[in-house]
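Some notes on the structure that comes next.
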Amino acid sequence: METIKAIMTRRSIRTWTNEPVSEEERRIIMAAAMNAPSAADARPWCFVEIDDRDTIGAFTELGGTEMLAESTYLVMVCGDVSKEIYPGFWPQDCSCAAQNMQLAAHDIGIGAVWVAIYPLEERVRKCREVLSIPDSITPFALLAMGVPNEVLPPEDRYDESRRHQNKW
Ligand SMILES: Cc1cc2nc3c(=O)[nH]c(=O)nc-3n(C[C@H](O)[C@H](O)[C@H](O)COP(=O)(O)O)c2cc1C
């Protein structure tokens, strides 16, 4: 899929079939994550991949996350400040990785939704607990994926008023 087409047609998918995401598809999505830009190319990220049904079930209790019961493949994008070169950029770096994952997933026909974790303290705590994540690593965003069971039309959110030319 052409890049612009992928960007303009991606939607958050929240209902999935029970067909698994193949290892080849997982590899494409994870490679896209790790090819993201990051400050000083520090790549201050790590990822926990989850396809265990009980563990997926634990995430349905975060609040407003009941739909995750249908997801067949979750990836917790985590920040690792020990890898930073310029401190403080890790959330931006992890966001780039997460967005790459969403676009790569869409490109290969996998539906994804970003579930907010950081900076919601209670969600960060719960995710650490469920996945045994050490204190030095911060759960940042949960990408829930699977074979889509819905088709959503593209949104056109272009807003001319957000553009400023040369000065505010
Ligand atoms: C930082 C961030 C946090 C989000 N958190 C959630 C969430 O917790 N639950 C959810 O269902 N969707 C979440 N989303 C998805 C947004 O609701 C969605 O991207 C937005 O409504 C636009 O719709 P679209 O992705 O279909 O274009 C999040 C997206 C981002 C970027």
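Structure notes:
- Along the axis of the charge dipole computed for the chain (Cβ charges of +1 for Lys and Arg, -1 for Asp and Glu, origin at the Cα centre), the listed residues Ala40, Asn166, Pro91 are led at the positive end by Asn166.
- The stretch 1-75: GluC sites (Glu not before Pro) falling in loop per DSSP and having at most 15 other Cβ within 10 Å: Glu2, Glu61
- Near Thr65: Cβ cut-off under 14 Å, other residues only, Lys/Arg at +1 and Asp/Glu at -1. The net charge is -1.
- Among Ala104, Ala144, Ala42, the largest mean-square fluctuation in a Gaussian network model of the chain, built with springs joining Cα atoms closer than 10 Å, belongs to Ala42.
- Debye, to nearest 20: dipole size of the stretch 28-146, +1 on Lys, Arg Cβ, -1 on Asp, Glu Cβ: 180
- Centroid-to-centroid, using Cα positions, the stretch 108-138 and the stretch 41-103 are 5 Å apart.
- Environment charge at Glu84 (Cβ cut-off 10 Å; Lys +1, Arg +1, Asp -1, Glu -1): 0
- Charge sum, other residues only, whose C-beta stays under 12 Å from Cys127's C-beta, Lys/Arg counted +1 and Asp/Glu -1: 0
No lab work stands behind these numbers, since they all come straight from the coordinates. The structure displayed is predicted, hence computed values, not measured ones. Here Cβ is always computed from backbone atoms with ideal geometry, including for glycine, and neighbour counts include all displayed protein chains.
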